[in-house]
Amino acid sequence: MLRTPATRCASVLLGGVALFATACATPAEMRKVNNRVTDLERSRSGGDGSRGRLADLGAQVEALQIGFDEMNGRLEVMERRVEDALEEARAARSELHQGAAAAPGGASPPGGEPEVAVSEEVQRYRDAYAKWREGDAGACVDQFGEFLQTYPASEYADDATYWLGDCYFKQGNFSAAVLRFDDVARQYPEGNKAADALYRQGEALLRMGHGTAAGNAFEKVLRDYPDSARAPEAKRQLDLLQAG
């Protein structure tokens, strides 16, 4: 079949569009392009070279070119966004290195990454928490107690008070545990440890033989924190108390 310049141009363009569409077009766009390619192939193979078919072919090629330009534009936008994100990451990394170099003791450890300096407040909290993890209840009580005396307004104060109460509980000092858990529930009712503190307060009261007071603590968990993870446990404790 005689291939005119228009059909040769269409073939080249179709191949480019199909390749581009495969790389970055959506499934819907792919189907649309494939349907157009099929129509064009049928137009060429049917071929009596009529002017009507050739005009239709030119219109469809033009439509494909427009779609190609649109997809190319979207690709350029995505490339710019990726480049912007990479540039922001490089800038942030540069600032981190400069800050580490300017800070006292900001030398980089083996491996090239700068050490992130922590305040004495954070380090003392971590040290006390490490004692809790080790199960050293005595050191845990001492270090969390000192932390709260030194940093009473710390953002870690509610957590520190809760862990202090837990350390007292592990020591068997249930009355001190009750007081510390009560501090958490009263002073930090919106904190992440409030429901836990109320439930643990109820546990400590049970150990002391105060069933009614313990029941009140469990009821407060259900009333104030019904969606917390402690709510089902508090319900079971209340059921046991009522059954007993």
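Where a number appears in this text, it was derived from the coordinates with a stated rule and is not lab data. Everything numeric in this text was worked out from a predicted model, so none of it was measured.
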Point to revise | Extended-chain gain in nm, criterion 0.36 nm per residue less alpha-carbon gap, ALA229 and ALA139 | key: 29.5 nm
Revision key, fill the gap. Scalar couplings 3J(HN,Hα) for the range 195-205 by Karplus 6.51 cos²θ - 1.76 cosθ + 1.60 (θ = phi - 60°), nearest whole Hz, x for Gly and Pro, are 5, 4, 5, 4, 5, 5, 4, x, 4, 5, 5
Point to revise | Gained length - ALA243 relative to MET208, 0.36 nm times residue gap less alpha-carbon distance | key: 10.7 nm
Review point. Along its principal axes, what span do the Cα atoms of the range 120-243 show, with the longest given first and each in whole Å?
Key: 49, 28, 20
